[in-house]
Structure formats: C-alpha cells, structure tokens
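Comments concern the structure below.
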Amino acid sequence: MSISNMDFYQKLLQNPPTAAKGFTRWWWYGAAVTKAEIHRELTFMKEAGLGGVEIQITYPLQEDSEELGIKNRPFFSPEFFEMLDYTLTAAEEMGLFVDMTLCSGWPFGGPFVPTDMAPEILIPYQIDVMGPCEYEQDFTTILAGTPSKAVMGKVENGVIVANTLQDITDHLDETWLHGWAWGHCLNKVSIPEGHWKIYIFVTSKYKQQVGVPAPGMEGNAMDHCRKDVSDFYFANFGDPLVDKLGEGRIRAFFCDSIELAGNNWTNILPEQFMLRRGYDLTPYMPALWGSIGELTADIRYDYYKTFSELTIENFFRNFTAWSHSRGAKSRIQAHGTWGDILQAYAAADFPEGETFGENDKYEVNTVHRRLASSAGHVYGRNIITNETFTWLRMPRFMETLEMMKAAVDAVFLDGINQIVNHGYSYSPESVGKPGWAFYASSFISHNNTWWEYYPLLSSYIHTVSAFLQTGDSYSEVAIYLPQADIWSSMPMAELHLAMKLEEHIGKSLVNQVQKSGYYFDYLNDEAITALSHISDTGLEIGANCYKVMILPKVSRLPLDTAYKLLEYVLEGGILIAVGGRPRTVPGYLGRQENNESLERIMDGLFEEETGVWRKVGKGKTIIIENESELVLRLNESAAPDVVIEPFGEAMHDSQPAQTIGYVHRIHEGGHVYFLANVSSQEQKARIQFKYGTKAAVVLDPMTQKTIRRIQLSLEVDAASIEFVFEPFQSFMVVFDEELPETVGVEDNGILTVIEQAAQHIDISDSWTLRIPKAHFEQELATLQTWEQFEEVRYYCGSAFYDKKVSVPAMQPTSRIWLNLEGVHDVAEVFVNGQSAGVLWKAPRRLDLTEWLNEGENDLRIKVVNVWINHMLSPDLQEPKPEGPLSENWPYFTVKMNQIHDKRLYTTKERKHVLAPLPSGLSGKASLSIIG
C-alpha cells in the first residue's frame, strides 16, 4: 500500500465525502407546511449528519386549524409551489440535496389521468358449451367491464386442445338502449360437436387509484406499459413542476415500489406481441389462465416477456430519460414489477432496494435488496440506495438506535451503499411531541427521544457508505435468475417477480452460499449474453470475475444463454445445476428446433448422473439433486473469498459465519473488505482472506480510527487475521502489497479488555433517580427502571441516575471501565460534570480512564427511553369531531377519522403492547480496573 493510498483511506475514514451521507424520506402531510417549520426541520437534519431529503407529499393528518397554524395546501397551487421553492433554496444554502417523488402517494397517477390511461385488469370468464349448437349470450349487466377478446376451444380430458382454438372476437358486439351504448353481447357462434369452452376476456371497470394522496391528487393510477401514457404523465405532472421550480434544483426524481394491484394487461399488448414475438396472441389467450397442453408454458413466457419489455422501455427507461431531459437523475424501486427485474432496477441512475419488517439480522434479502445491488454491480450503477427501517418494529415507536445499526449493517452486507431513512415526518411544533408519524415507518426525527444521539449512527452510516462507494464491487460466484421458469408457470397476473424468484430459488440456498464465504450477484440473461466478457479466469462484468455459476432449479433456459454458458465452461468456468439441468427453451416460435439445440448443448455440458463432476474443455460441470450438497461442491470447485471460523475457547460451540458477513471491493489494485457482526453476541473469529496480502490495516468506522496495522507472513494461500467482534461491531480491512514503514506493525490479536480485568468494583446500589420534566425523584437501593413507579409509568424522555463513586489509586498504565447490564435504551455518562461518552448499543461499557479521578467522583447517567410507553397512557386523548361535518377542510369528518384511526392514533400500539416497556437502568453496574 503506497503512502498516497494510505493517506486516501485515512482521509476517507476521518473525512468521508458529503455525497456518501445518508438521507431521509421527508413526509409532508397534506402539504400543510410553513417556511419557519421547513427551515427548523432542515436544520435538525443538517445537524444530525443527513445529506439530503426526499420529499414525499401524502395524505393530510389533521384538518385545517387556525389555532394550530395548520393549512393543508392544494397540490400545485401557488402557495404549494412557494413552499417548495423556499425548501429548495433553504436546502441549497445548508448544503443539502433534495429529491422528490414524482407523484403524491403511489403508484404514479392523479386527477388528470383519464380512464383509458389507467392500468388494465383483464378478467377471463369461462362458458362451457356442449355442441353441436348455436350459442349466443347478452352480457349486459352481467359482466362489469368491456369484453375485448373472445376465444373458443375444444376440451378433452379437462384440457383445451390447442389446435382447436379459434379467435371469435369478431362475434362480440355492443347492446343499445334508446340510442345509448348499454352493454355487450356475443352474437351467434356455431359450436361443433363435443365439449367446448368459450373464454370472454373482459377489461374490468375497476381502475386502480393513487394510494394515500394529498388533497386534490386523488385519481387514476397510470398504465406503466405505454409510452404515450408516460409521456402524458410527465408532461402534465413533471414538466409543470420543473418549469415552476427551475431545472437542476431537484437532484433526482423518485419512483416508489411498483404496487399496481391486479394489473395484467395493456391495450397495446396484442399489437406489440405480434411485432415482438411474431405471432398473434389472441387465439392462444386461454393459456394465460388455463391449460392448452404443452404449449401453455411457452405462451405464458411470451406474454410476460412482452409485458416486461413494454414496462421497462416505456416506463422505467422513459422515466430516466425524462428526468435527464429536465436536469435531474432518477431513483427507482423496481420491486413489484413483472418485468426483467435487473433491467428494471438498472433503468435508474440510482437503483433502490427496500427493507421492511424486523430485518435487523444477517441474511440475504432477495426480494428487495440483493436484486437491486446485483443490478447496480452488473449494469455499472455505483450508487445503490435503500429505503431502510420501514416497519423495523411493529407497532411503531419501539425502534432503537441499536436495532437500526444492526439493520443498516444487514443492508450493507447485501451490497447497498447509501441509506435512505424511512423516515422523517414533518410535524409542526404546535402539535407537540411525539407529533405526526408515518404509519409504516420508524420514527427518525427531531421528535424522537433519542434524536440527539442519532448523529452517532449517522456518522457511522456516512463512513461505511463512503468506503462501499469506493472502487468496484467484486464477486466470483453468480446465481442465474430463473425468470423464464417464473414467467412460464404463472397465469396472467400482477406478477411480483422478485417475490416469486425468491420463492423459486429459496432463501436457504442463497444464505448457504453467502454464509460459506461466497459473495454472489444475481445475473439475468442480458448480463450473461450481452454485458459479459469471457476470459480464462471467468465471466467478467466490470470488476467482477464470476468463476462459478449456479443454476438454481432452472428448467427453462433461453438458447442464447445456453450457448454463452457453453462457451463459459469451455474457457474454464464452473457450472453447478441444482435440481436438474435445463431441458426447455422458453417461447412458442421455433420451439421444437430450439429444444433440440438446447438438448445437444446440455448433453455436451452435463452428465445425466447427478453428483458427478464432468470435465468440459477447461472447465467442469455438475448436477446436484438439491441444495444440501451445494456448499460441498462449491468448496470442491473454488476457494471461498472469505472463510470465517471460530477460534479460542469458542471453537466448539460457535458459528461466527452465521452472524458475521462481508463485502469485498477493489480499489486501485487494493482489496477493501467490510466486516460486520449483526448479532447481540460477541464473536471470536479467525478470518481468512483469499486476496489478502502481507500488508493490512484494520479500521473502525464507528470511532473513525485505525485500530490495527498488520504485517502478515503469508505461509498459506490466504491471509488470516483473528478478530474479537463485540456485539454489533464492524471493521474495514484494507490489503495491499506494501505497507509504509511509518505505519508500523502491531500484534495480530484484538482482545476483549474486560476479560483481562484485575479488579471489579460493584456500584449497583444507592442511586438517585431524577426525572425533572415529571417532577419526580426517588432514592434507589439498587438500579430500577422508572416505569415501575406509578407516577412515571408512562413517561418518555430523559431521566438521570446519580451516584458518588470512589476510585482507588491505580498504576499509570491501568484503565478503568464502566459496565452497565441493563440500559433502556440510550445512556450518556457524565463524570464530574463532563460527558464521557454514550452507550447506545451492546456491549454497554465505556472507558472512563480519562475522566475518573482518584477518590470520590460524581457519576451521572442520563437515560432516554422510546416513545411506546407514552402511547399506552390512558391519559392520551384521541378526540373525535362531534358531527359529520367540520367547518374546515376536508369538511366530511368521516374521511379524517379514517386517516386518524389508521395513520395517526395509537390503536395498534395499545392492542399489541399491553404493558409499558422497561425504561432506564437495571441489573448490575460495575467498574473494572485493568492493568
């Protein structure tokens, strides 16, 4: 490592670039904002270390109130634009960027979207008819929608015979009442002998509405498959927004997750299907719902492939093109779409994943994270963002900084490198605390009890993101996405492809691969056939060199992909097929010839017998029956990038690889690893790095210090370093060939300091608990949490534990540590009036050597809890309007009551949390003298 490189990493550690900061979604409820409050909240965010905001304007939480200073502002009104303009100016002055959701609520849509531009739902109605006969039917008042296609086919043994299918759409007609189009009918059709089934495909009258929009933005969602609709939407929503505010002031426009309930059709699909697939879909449409024999899967594949192409070209890529044309970038959450999932994410400048639920643990999240990061790695998108902390705990108001740190590390370990908080609720000062909160988010704003300590987590996020944005991601294992299998097996649906892929591949399979030291990316067909370069070292995409390719239960494989995989293996690649080899080429046209070609390729690649390696050219292949032997076969084929094993006394009962993960990046020839223990348990791990060199530095992104400088003797193939990970601890490890002499060398061990303690002083007794805001004081014989006292049972906020502690004379080299057993939930320690540090995650211990004096000392511990106890208080009032009408917008109080009950009040909290949670300090407290 050259001195210049070392200087680079030191600067990156201690002064990471501003662009790597985390940012936050910022909800504006009903756009009921004021300039003073906007400035106040932006200041809070700036001081907390956030780099910017994403404004999402959604439903109102309270009606207009002159007393509280609340005025819900109509969307796109002059005062609405005045508030946005002010926000952009204030943010720029503070050095914050602003992103904006290009909608109010989600999915994209609004009052200006006409019915014929809304998403379509095609419903198949089936009619059984016995021939021979003449059949006709008046559907008026029977079918709620417009019959658009009609097909009939003969049924034998419960299956429609494919070669009997007939398009009878020309028999559909309108019915009339007094000159008005009133309904539809099927005119007389001649039915041959036998059992026939008639399918009437009806475009439903239901049109999805935009969810939870701001006042005046209620209306149809938009069809995401048609360019004319996207262009119309951008012209009517996006262009006026940019024209009013000015180009270049909004960093990126944002598209939230695709949630198009039931959307399975678009009126341009039949025409586009003919152009792209080369045959008419209409006669084969029964295959989209039922079975027409062996052709069924091929028709479904062609349908979804066409549907995918239309969505990606006409919406996702068009959205980015429009954003660029207006001086902005794009951020896209592609999960929820039926389209080729990597292509959909890669359409954005910033692909964005998402995490919701109790994901503060180490595991691969395919549905919302790993697909987004794989798209970034494969398609060259260096910044991959993630909506983080959504529903981290249910009900709300229970999340802690410790949980959030673990959740962030899990996100980083999935390849994400920028965090978007979910999130920050605009909340006027007049409504008090805790104020307004989003129904599905974690409560990360100035109104939270622990907000003053959030900068500790924010700084950590900033530092790790900076390292993970440096250089290029590196993986040697790829997992092929069996999209063809999903498309071929699904009837027409609003297909959530990411969910189906995770179900098909299996969570267990990918976690086994990951936790065995093989970091991986997902690859689609385009990545393999068009984006890669095959060399004698593997399949190369960017800095990645995939030496092993896993086919997880792949039965259908496009022919172009098969030819590329053959070339890959011949040049030295390793191919592992789990659950059998591919046997079918998806798609209708040329199916017989294509399948014969695929069979020849597969015969050349694989042995029919499972569990046997076959040498093919310079590479090799194997079929395994299931995932149970996958790790064994991976170990036979290639060494893992990282091996994580226990050491010391924990060797026999510890599995550190189950909670410690890694990310590998390459920067200017050096290898950078991020390591994180996503666990509340200490882990002792010996870690071997396949690409470790004789020189390494270990950096602590939490303290922003270089904690180890190591010179390794590489007597084995991999560099080996022993670590003791504290609970929720993480490190950066940087390898390079040379280490400057000025860096020096330290030992290879990281030891837990408390275990070496020579003396322990118990300080658990005789404390004074003070809660000034509640006018409460209590002498404690031993440490107790305050919810045990009736007067402060539901109190949320700050409390103080005070005690005198006596410190004996110590050796000059000795260290003295404070250890706290139970902290609920953040504790700041003051010694003799000076802040000595904050305990916000395990282990709850703090080095007080520089703060404690020999003799008597004043020890004060400030503790803050979380808001949940306040939400349980019987004194918390949830007022209801007296009548059905209000003097203020929205006038009909039933609408506001619905919002209150679901979004604002604490019904769920009271239902799920029956008693206040511990608040304050509990258990043992001690001082440990070392040395």
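Computed from the coordinates by the stated procedures, all read-outs in this text should not be read as laboratory data. Owing to the predicted nature of the structure, the values given are computational and were not obtained by experimental measurement. With ideal geometry, Cβ positions are generated from the backbone for all residues, glycine too; neighbour counts draw on all protein chains shown.
What the table shows:
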read-out: Filtered chymotrypsin sites (Phe, Trp or Tyr not before Pro), segment 169-245: DSSP coil and at most 15 other beta carbons within 10 Å; value: 206
read-out: Segment 420-425 - phi-based ³J(HN,Hα) in whole Hz, Karplus 6.51/-1.76/1.60, Gly and Pro as x; value: 10, 5, 10, x, 10, 9
read-out: Cα Rg over Rh - segment 122-205, Kirkwood; value: 1.00
read-out: Separation in nanometres of the label points that stand 7 Å from Cα toward Cβ, at residue 779 and residue 536; value: 8.4 nm
read-out: Cβ crowding within 10 Å averaged over residues, with 864-876, 890-902 ranked highest first; value: 864-876, 890-902
read-out: For residue 102, residues with placed amide H under 5 Å, excluding near neighbours; value: 254
read-out: Cα centre as origin, Lys/Arg/Asp/Glu Cβ charges: the chain dipole, Debye; value: 420 debye
read-out: Theoretical FRET efficiency, 1/(1+(r/R0)^6), r = Cβ-Cβ of residue 128 and residue 609, R0 45 Å, to 0.05; value: 0.45
read-out: Links that overshoot a 21 Å alpha carbon limit, given the list 71/773; 21/46; 507/902; 547/684; value: 71/773; 507/902; 547/684
read-out: Distance in nm between pseudo-label sites at residue 858 and residue 761 (7 Å out along the Cβ direction from Cα); value: 1.8 nm
read-out: Label zone at residue 914, where the point sits 7 Å out along the Cα-to-Cβ direction: segment 859-898 residues whose backbone N lies under 18 Å; value: 869, 872-874
read-out: Likely footprinting exposure, 930, 479, fewest C-beta neighbours within 10 Å first; value: 930, 479
read-out: Chain lengthening between residue 898 and residue 655 when straightened (0.36 nm per residue, less Cα-Cα); value: 82.6 nm
read-out: Cα coordinate range in the chain, projected on the principal axes (Å, largest first); value: 106, 80, 49
read-out: Burial ordering of 492, 285, fewest other beta-carbon atoms within 10 Å first; value: 492, 285
read-out: FRET efficiency for residue 440 and residue 889, using Cβ-Cβ distance with R0 set to 35 Å, rounded to 0.05; value: 0.90
read-out: Antiparallel content of DSSP bridges confined to the chain, in %, to 5; value: 75 percent
read-out: Estimated FRET transfer efficiency when R0 is 22 angstrom, pair residue 155-residue 204 (beta carbons, to 0.05); value: 0.30
read-out: Residue order, fewest to most beta carbons within 10 Å, for 205, 149; value: 205, 149
read-out: Rg/Rh for segment 477-624, where both radii come from Cα atoms and Rh is the Kirkwood radius; value: 0.95
read-out: Candidate aspartates and glutamates for bridging to residue 154, where Cα separation is under 20 Å - those fewer than 8 sequence places away on the same chain excluded; value: 128, 134, 136, 167, 170, 193, 280, 294, 298
read-out: Within segment 594-660, chymotrypsin sites (Phe, Trp or Tyr not before Pro) in DSSP loop having at most 15 other beta-carbon neighbours inside 10 Å; value: 613
read-out: Shape parameters for segment 307-459, alpha-carbon atoms, Rg then Dmax in Å; value: 16.8, 50
read-out: Largest-first principal axis extents of the Cα set of segment 759-930 (Å); value: 75, 27, 27
read-out: Simple spin-label estimate for residue 231 and residue 543 in nanometres, 7 Å along Cα-Cβ; value: 4.1 nm
